[in-house]
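Taking it in order: structure first as structure tokens, then the write-up.
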Amino acid sequence: MCTLKLFRIQLPVYALKLKAFVILLLLSANAFAKDLADSTLVRSAMHILRDNCINCHNSIKSKGKLDLSEYETARIGGHEGPAFIDGNPNESRLIQLIKPGGDPHMPPKKQLNDEEIKTLSQWILAGAPWITSELVIENRIAAASELGDLPDNYRPVFAVMLSPDDQKLAAGWGNQVVVNNFDQEASNKVKLNGHRDVVQSIAWSPDGKLLATGGFRKVSLWKSSDWLLAGEIDDLPGRVTALAFSLDGKTLISASNASGQEGEISMWQSDGLDKRLGWSAHDGAIYDISLSPDGKSLATAGGDKLIRLWNMADGKQLKQIEAHSAPIMSLAFKPDGTAIASGAADKELKIWDIKTREQKNLVTGHPGNVASIVWPENNAELITASDDGALRLCNESSKTPVKTWAKAGDLIYSLDTTTDGKRFFGGSENGQVYEWDRNGKIIRTLRFE
Ligand code: HEC
């Protein structure tokens, strides 16, 4: 119900536009007839999306990772890549999924009528022109101060991270951060407030004294001794999708993304949060970052399908790998630093030799996005999280996952492992964190209500 607040109908503007069109039409009927027909088609298409789809496919809640609220994000598509192909309705997923029998069927619990399907098909045939104002989603995203009323029931866990001693698990839970203390008898929880929308990223400092959390435009830095704020950065562009500390803990690295623009990397002094360095790192969003085990370089994964490596000392690019055919969602270095694994929206996991940039292995067989990867220390195997909620054991030589572990109840977005690589924590769309053991069994489910 709350999500309805996301919409605002701008009747006056709409009416004015129509009036203008009618006058123009009367003045020069022929010249404008086509334009009017076209824009009527586009408007109708926008309204079908607005009334049936945007509720689940917007920038706060992007089911299937598809955000239909803006032209740029709609173009990128979702887990499975582009939602529509200009001029080709039959090949467009957006059309395939709304027809009876679409799998998964969209909208999930409703059937659009023939007229609506025809309108969307014609619109794609016409090149899928876009009129954002006709989607009239209130532009809450632009004003962080207005973001107070995230739907109460929307609490996905986009980020999880264990403290360096494995005794605490910090998890984003909607707009809150929940820290579970495993070292205490009745595992007690601390809830940290202050983010106004979904927490996207979490990082512990190497000494465990600081916890950084990132949301829309904002990074909060908390002291784990008393959970008071040590500082805040609140003027970042867009969503802060990834955070990491340097090995010495003196630098905090953030990846932030304004919708449809270049993804930015910034480096901040952990003490005082002064900005040390900042640069545009990808043409498109940055979905993950990973520090090399020696701490000297930073790998970034982009919506532009590239992996880039940067020198931590001066922010200069060291190399780039044209890695995937779709946005790259996840990265993990091999513990010895000689290789890096990347997972993407093309459902592929790839392993790259850092020195030569050659592809060492391609693992196919994930059912969707490879959303997160961990490569535990002292381990020849890596573990991935994907859209079916299962974790998968993969390695450097097998062309398919070696083993598929137990499935969680919903998509898993985020994953972390204990230092010994024996337990795994996955954050889910349904607001829970699942724990797997090394045999692939789910041994615990953490709920935060
Ligand atoms: C109630 C929520 C909801 C509504 C409403 C909804 N969707 Fe979805 N949509 C989802 C979910 C959940 C998924 C992911 C399903 C999956 O991957 O199994 C999804 C996935 C998709 C995908 C595939 C994205 C990808 O690349 O994997 C497309 C395309 C899509 N929806 C289009 C639409 C359109 C068009 C409408 C409106 C006519 C719509 N959806 C309405 C929830 C919704």
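Computed from the coordinates by the stated procedures, all read-outs in this text should not be read as laboratory data. The structure displayed is predicted, hence computed values, not measured ones. Reconstructed Cβ throughout: ideal geometry from the backbone, glycine too, with neighbour counts over all protein chains shown.
Amide H contacts for LYS319 (H built 1.01 Å from N in the peptide plane; partners 5 or more residues away or on another chain; cut-off under 5 Å): LEU309. On C-alpha positions alone, give me the angle between the axis of helix 114-125 and the longest principal axis of the chain, in degrees, nearest 10. Helix 114-125 sits roughly 80 degrees off the main axis of the chain.
Subtracting the Cα-Cα distance of ILE131 and LYS118 from 0.36 nm times their residue separation leaves 2.8 nm of extension gain. Taking the C-alpha atoms only, the angle from helix 11-27 to the longest principal axis of the chain is near 40 degrees. In the chain, helical runs assigned H by DSSP with n ≥ 4 each contribute -39500 (n - 2.57); averaged across all residues and rounded to the nearest 500, the mean residue ellipticity at 222 nm is -4500 deg cm²/dmol.
Among the listed pairs LYS65/LYS118; LYS250/LYS355; LYS191/LYS316; LYS223/LYS275; LYS316/LYS407; LYS63/LYS316, those whose Cα-Cα separation exceeds 29 Å are LYS191/LYS316; LYS316/LYS407; LYS63/LYS316. The length gained by stretching the chain between LYS399 and LYS250 to full extension, at 0.36 nm per residue less their Cα-Cα distance, is 49.7 nm. From the Cα gyration tensor of region 237-328, with a ≥ b ≥ c the square roots of its eigenvalues, which class applies: rounded if a/c is under 1.5, or else prolate if a/b is larger than b/c, or else oblate? Oblate is the answer for region 237-328, as a/c is 1.5 or above yet b/c matches or exceeds a/b.
Near the amide H of MET329, within less than 5 Å, lie the amide hydrogens of GLY343, ALA344, ALA345, all on another chain or at least 5 residues away, with H placed in the peptide plane. Top mean-square fluctuation among ILE54, ILE286, ILE233, Gaussian network model of the chain, C-alpha springs under 10 Å? Its mean-square fluctuation being the largest, the pick is ILE233.
Computed over the chain, the convex hull of the alpha-carbon atoms projects to a mean area of 22.6 nm². Note on the chain: dipole from Cβ charges, positive end direction compared against LEU211, SER59, GLY238; the farthest Cα belongs to SER59. 3J(HN,Hα) along region 331-345, derived from phi through the Karplus expression 6.51 cos²θ - 1.76 cosθ + 1.60 where θ = phi - 60°, amounts to 9, 7, 6, 5, x, 8, x, 7, 9, 9, 9, 10, x, 9, 6 Hz, with x in place of Gly and Pro. Using only side-chain charges placed at the Cβ, +1 for Lys and Arg and -1 for Asp and Glu, the dipole size of the chain relative to its Cα centre rounds to 440 debye.
The chymotrypsin sites (Phe, Trp or Tyr not before Pro) of region 384-449 include none that meets both criteria, a DSSP state outside H, G, I, E and B (loop) and at most 12 other C-beta atoms within 10 angstrom of the site's C-beta. Shown here for region 290-398: trypsin sites (Lys or Arg not before Pro) in loop regions (DSSP other than H, G, I, E, B) with at most 12 other Cβ atoms within 10 Å, namely LYS316, LYS355. Using a simple spin-label model with pseudo-atoms 7 Å out from Cα toward Cβ, ASN88 and ASP51 lie 3.1 nm apart. Residues considered: ALA406, ALA313, ALA341. Largest GNM mean-square fluctuation over the chain, using C-alpha springs under 10 Å, is found at ALA313. Potential lengthening of the chain between ASP103 and GLU72 amounts to 8.7 nm, from the contour at 0.36 nm per residue minus the alpha-carbon distance. Contact order for the chain, expressed relative to its length and based on alpha carbon pairs under 8 Å spaced 6+ residues apart, stands at 8 percent. Region 271-340 and region 365-410 have Cα centres spaced 21 Å apart. For region 40-55, the Karplus equation 6.51 cos²θ - 1.76 cosθ + 1.60, evaluated at θ = phi - 60°, returns couplings of 5, 4, 5, 4, 4, 4, 4, 5, 5, 5, 4, 7, 10, 10, 4, 3 Hz by residue, with Gly and Pro reported as x.
In this label model, GLN111 and ALA258 are separated by 4.6 nm, measuring between points 7 Å along each Cα→Cβ vector.
Among SER292, SER428, SER121, the residue with the largest mean-square fluctuation in a Gaussian network model of the chain, with springs joining Cα atoms closer than 10 Å, is SER121.
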